[in-house]
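What follows is a set of notes on a single structure, which appears directly below.
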Amino acid sequence: VLTVNTAGIYETKLSNKMQPFMEKYNKYVYFSFLPSYEGVKIRLTDLNAGFDIDVIKKELLEFLSEYAYGTDKVTLEMSISKIIKKNKLKLSLAESCTGGFISKRITDIPGSSAFFLGGIVAYDNEIKNNILGVSNDDIIKFGAVSKQISESMVINVSQKFRSDIAIACTGISGPDGGSEDKPIGTVFISVKYLDKLITKKFIFRVDRKSHRIMTKQAALYMLWKLIK
């Protein structure tokens, strides 16, 4: 039994995309999908029909190269860590709604001190302003949960830590605080890699703990796509 781990694609879309591939190899392998808030795992069970399952795995990784970041127990954090260390890059974080969860998952990786400089958990607006250097006028004008603030956070933290890579996120985890324009679950994530800057808006309609997990995974997937 082998497992291919994916992110950035939901189960139904992945299943539809996989149909031609599964039809090609369903005599040799049984395919099953295991969805979670961190992505979808594809489990390949060898039917012992005389075909090398490792060949199928290799082809599947190429087929899903936009989404498949690793196999078996490899996490997205581990995959990113390998790329960052190989290229001798440095990472910093500015977190609001995740409360340091992304930093926690990065520092769970042995050897992360080689590339992770640190982060700022700017939960309160005064911290965003006074510590992270986000303009208070921008917070008043656009709101703390906005594309402008997320981008300001990521630019400023990368400058403060002098890092090659930075991630920032700001959102509304609920159960309170939403509005018609920005419902509960809204989050803005910005990723900066050298001179490239990407920001995306998501709405994760889940509980606080799951919102944190999904924000972490979305942020790391954005980074993975940028640096891989």
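The values are calculated or read from the model by the stated rules, or taken from the named source; none is laboratory data. Computed from a predicted model, the values in this text were never measured in an experiment. Note that each Cβ is placed from the backbone with ideal geometry, even for glycine, and that neighbours are counted across all protein chains shown. Side chains are part of the model used for accessible areas, which takes the heavy atoms of the whole protein and leaves out ligands, DNA and RNA. Shrake-Rupley method; radii C 1.70, N 1.55, O 1.52, S 1.80 Å.
A residue that is hydroxyl-bearing (Ser, Thr, Tyr) and over 26 Å from Tyr193 (Cβ atoms) can be found somewhere in region 42-63.
Is it true that some residue in region 29-48 is aliphatic (A, V, I, L, M), modelled with pLDDT of 95 or more and either within 30 Å of Asn129 (Cα to Cα) or in a loop (DSSP other than H, G, I, E, B) (or both)? Yes, region 29-48 has at least one match.
Residues in region 1-28 that are assigned to a strand (DSSP E or B) and of a type in the set (Ser, Thr, Tyr): Thr3, Thr6.
Contact map, region 105-123: residues that are polar (S, T, N, Q) paired with residues that are assigned to a helix (DSSP H, G or I), Cβ distance under 6 Å, separation 6+ or inter-chain. Pairs shown: Ser112/Ile106. Checking the stated criteria, Lys24 turns out not to satisfy the condition of being open to solvent by 70 Å² or more (accessible area, probe 1.4 Å) and under 29 Å from His211 (Cα atoms). For Ile184, the stated conditions do not hold, so it cannot be described as without any contact (Cβ under 8 Å) to a residue 40 or more places away in the chain and either open to solvent by less than 30 Å² (accessible area, probe 1.4 Å) or in contact with a Pro (Cβ under 6 Å, 6 or more places away or on another chain) (or both). If only residues of region 40-57 that are surrounded by fewer than 12 Cβ atoms within 10 Å (Cβ to Cβ) and not hydrophobic (A, V, I, L, M, F, W, C) are counted, the one that is farthest from the chain's Cα centre (by Cα) is Gly50. Just to be sure before I move on: is Gly70 part of a loop (DSSP other than H, G, I, E, B) and either in contact with a Pro (Cβ under 9 Å, 6 or more places away or on another chain) or not basic (Lys, Arg) (or both) in the structure I sent? Here the answer is no, as Gly70 does not meet what is asked.
Listed here are the residues, each with its yes/no results for (1) of a type in the set (A, V, I, L, M, F, W, C); (2) farther than 22 Å from Asn125 by Cβ; (3) assigned to a loop (DSSP other than H, G, I, E, B); (4) touching a Cys at 6+ places or on another chain (Cβ under 6 Å).
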site	(1), (2), (3), (4)
Ser173	no, no, yes, yes
Lys192	no, no, no, no
Ser210	no, yes, no, no
Met214	yes, yes, no, no
Leu226	yes, yes, no, no
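Applying a threshold of 8 Å to beta carbon distances and a minimum spacing of six or more residues, or different chains, the list of pairs starting in region 201-228 at a residue that is within 27 Å of Glu62 (Cβ to Cβ) and ending at one that is open to solvent by 70 Å² or more (accessible area, probe 1.4 Å) and among the hydrophobic types (A, V, I, L, M, F, W, C) is empty. When Tyr69, Tyr37 are screened for being aromatic (Phe, Trp, Tyr) and either open to solvent by less than 70 Å² (accessible area, probe 1.4 Å) or more than 28 Å from the chain's Cα centre (by Cα) (or both), only Tyr69 passes. The residues of region 187-200 that are farther than 23 Å from Ile172 by Cβ and surrounded by fewer than 17 Cβ atoms within 10 Å (Cβ to Cβ), listed by number, are Leu194, Asp195, Lys196.
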